[in-house]
Structure formats: structure tokens, C-alpha cells
Amino acid sequence: MTEIAGHLWSLAADYPIVLFLAIGLLPAAGVPNCPLMIGGGAIVADACGMPTALAMAVGGVIVNILWTYWLAAFPLRKLLLRRVDSAASWLLNGNGNGKHRSVLAVTLALHVTPGVPVFVQSYFPGVHRLPYLQYLAIAIPVQAFYTTVIVGTSGAVASLFNPVWTLAMVTVVIIVAALSARARAARENPAFERGR
């Protein structure tokens, strides 16, 4: 475990662009963004300095915001529309301008509420085709703020500890979170547990 952690640490430290690519691409597939920012931010901040870590993380978040909206608004819209509408129909009222205001309000709420998966934050307004510039005016400042706080904090905490142990702790937290999510899904949906 320590050897693997050391290799991952040196990869991210030597190539900070890995943090940018991971944060820019992986959350669209449902990979949690926060562990990437905590672990990757700590590694890059330790190796290359906090400005580089912040540039890579915030840049990756902005890229993710830009392309996942487009993905939900166009190629995946038909696939996602029914699912999003059924899950959020109680949030949206009426048609036309009333619905637009509701989509705008829900989009704002999704972005300012901690813990909402990044792909949900981008797919919801994309599916409902909230005007792109309005979406960017909400998403970029809020997510840049959260990213700066998370990466800055993780970099400061990591500087207090051995880098390999920090990465090992982040890995354990990710595994525990994934197992907890799986257990919760199995409790809420018995079919999930049977593999259906």
C-alpha cells in the first residue's frame, strides 16, 4: 500500500496536469470531485506550491462545468430528461417562464448546497437548457470558491503530515465513503443488493 501510494504521489507531483484532467473529466462519470480535490490538491500543493494546485483544480472544475452542461443539453438529453424530470418534477412548477425561474432556482440551490454530486449540478441545468451564460454565472463562482477552500485546506493539512500517510488516509476515506454509499443504496433498494 505504501509503495502504491508513493507512486501515485510522485505521478501527481511530477505531472500536476493529472489533477486538472482528473477533476475536469472524471466527475462527469459520477466520480466524486471532493476526494480528487483533497488528495490531488494536497499532493500538487506540496510538490509545486499552492498557486499551481489551485490553478489545476479550479481550471479542472471550470472545464468540467463547461463540457458536462453541453453533454446533458445535447447528446445525452433524451436519455437524461425523463430521469431528471421524474426526480425533480416537484421542484419545477408550470411551463414557460415559471419553469425557467424554477430551473434557475434549483440550479442555484444545487450549486450552493455542499455534497451534491458535480454531475447532478451540471446535468440538471443542461437537460432543462437553462441559458448557458446564466448557468456559468452561477456555477463558476460558486465552484471556484468551494474548490479554493477545499484545495487550500487540504494543502495546509498535508504539509503537517508525511505525504505518503496523507494519501493513504485519503484512500481509506474514499473506500469507506464508497462502501457506505453502497450499503445505503442496498438498504433503500433491495433490488440493488440482488444485482438487478
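No value in this document is a laboratory result; all are computed from the given coordinates. Owing to the predicted nature of the structure, the values given are computational and were not obtained by experimental measurement. Note: ideal-geometry Cβ built from the backbone for every residue, glycine included; neighbour counts use all protein chains shown.
Taking the average, over residues, of other Cβ atoms within 10 Å as the packing measure, peptides 116-126, 65-75 rank 116-126, 65-75 from highest down.
Report the FRET efficiency, 1/(1 + (r/R0)^6), for residue 67 and residue 172, where r is their Cβ-Cβ distance and R0 is 41 Å, rounded to 0.05. Working from the Cβ atoms, E equals 0.85. Using the average count of surrounding beta-carbon atoms within 10 Å as a protection proxy, the listed peptides 134-140, 172-178, 28-34 rank, highest first, as 134-140, 28-34, 172-178. Placing pseudo-labels 7 Å out from each Cα toward the beta carbon at residue 14 and residue 180 gives an inter-label distance of 3.5 nm. Taking a point 7 Å from the Cα of residue 76 along the Cα-to-Cβ direction, the residues of the stretch 7-48 with backbone N closer than 12 Å to it are 25-31.
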